[in-house]
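Step one of this worksheet: look at the structure below.
The values are calculated or read from the model by the stated rules, or taken from the named source; none is laboratory data. Note that this is a predicted model, so its numbers are computed, not measured. Don't worry about glycine lacking a Cβ; one is built from the backbone with ideal geometry, like all the others, and counts go over all protein chains shown. Heads up: the accessible areas ignore ligands, DNA and RNA and are worked out on the full protein's heavy atoms, side chains in. Shrake-Rupley method; radii C 1.70, N 1.55, O 1.52, S 1.80 Å.
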Amino acid sequence: LAPSLSLVTLAALAAATDLIAPVNPERLAVNGLGTFLGWVDDFRREDVITAPLLGVLITKADLGADGQPRTRVGRESLEALQASGLPLFKTIVPRRVGVEDQVGDRLVVGDRGAAPAVFQAYEQFVGEVLTLTKQEASHAR
């Protein structure tokens, strides 16, 4: 087993029907995603994991008002993900400093007083997942 993959994590991956890989648009996180997906491929060859990668969800993105990354590292990481050939969700979850405070206040996405941009992003993401899984289900019949 890889050092950061516990048996519980492996069991969850083995039981999954689809995989969603969240990643921050940062160099280490993008490199870590590649390592993780390599492990998934190793376990696929051993028939431990059979679920396809539904997509990669970009989270905690430091975006400007134009919706583009505000930092060079953010831009480079986003470009690397786009060039990777991996299936990317259209939704990009923005980073909001207030979200960390919300966790301390025990607020969750959608609660009154929670960051609306984050709520809207996750709402859009859920719609994408539902659309993709419905398409998969109709192709399986």
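Do you know which residues across segment 45-69 are over 16 Å from the mean Cα position of the chain (by Cα) and either modelled with pLDDT of 90 or more or surrounded by 14 or more Cβ atoms within 10 Å (Cβ to Cβ) (or both)? Outline the logic, then answer.
Filtering segment 45-69 for residues over 16 Å from the mean Cα position of the chain (by Cα) gives 45-50, 63-69.
If the condition is that a residue be over 16 Å from the mean Cα position of the chain (by Cα) and either modelled with pLDDT of 90 or more or surrounded by 14 or more Cβ atoms within 10 Å (Cβ to Cβ) (or both), then ARG45, GLU46, ASP47, VAL48, ILE49, THR50, LEU63, PRO69 are the ones that fit.
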Show the residue pairs meeting these rules: Cβ distance below 8 Å; 6+ apart or different chains; first residue within segment 47-76 and farther than 18 Å from ALA21 by Cα; second residue outside any loop (DSSP other than H, G, I, E, B) and hydroxyl-bearing (Ser, Thr, Tyr). PRO69/SER77
Scan segment 94-106 and give yes if some residue there is touching a Leu at 6+ places or on another chain (Cβ under 6 Å) and open to solvent by less than 70 Å² (accessible area, probe 1.4 Å), otherwise no. yes
Does segment 15-33 hold any residues that are in contact with a Ser or Thr (Cβ under 8 Å, 6 or more places away or on another chain) and part of a helix (DSSP H, G or I), and which are they? ARG27, ALA29, VAL30
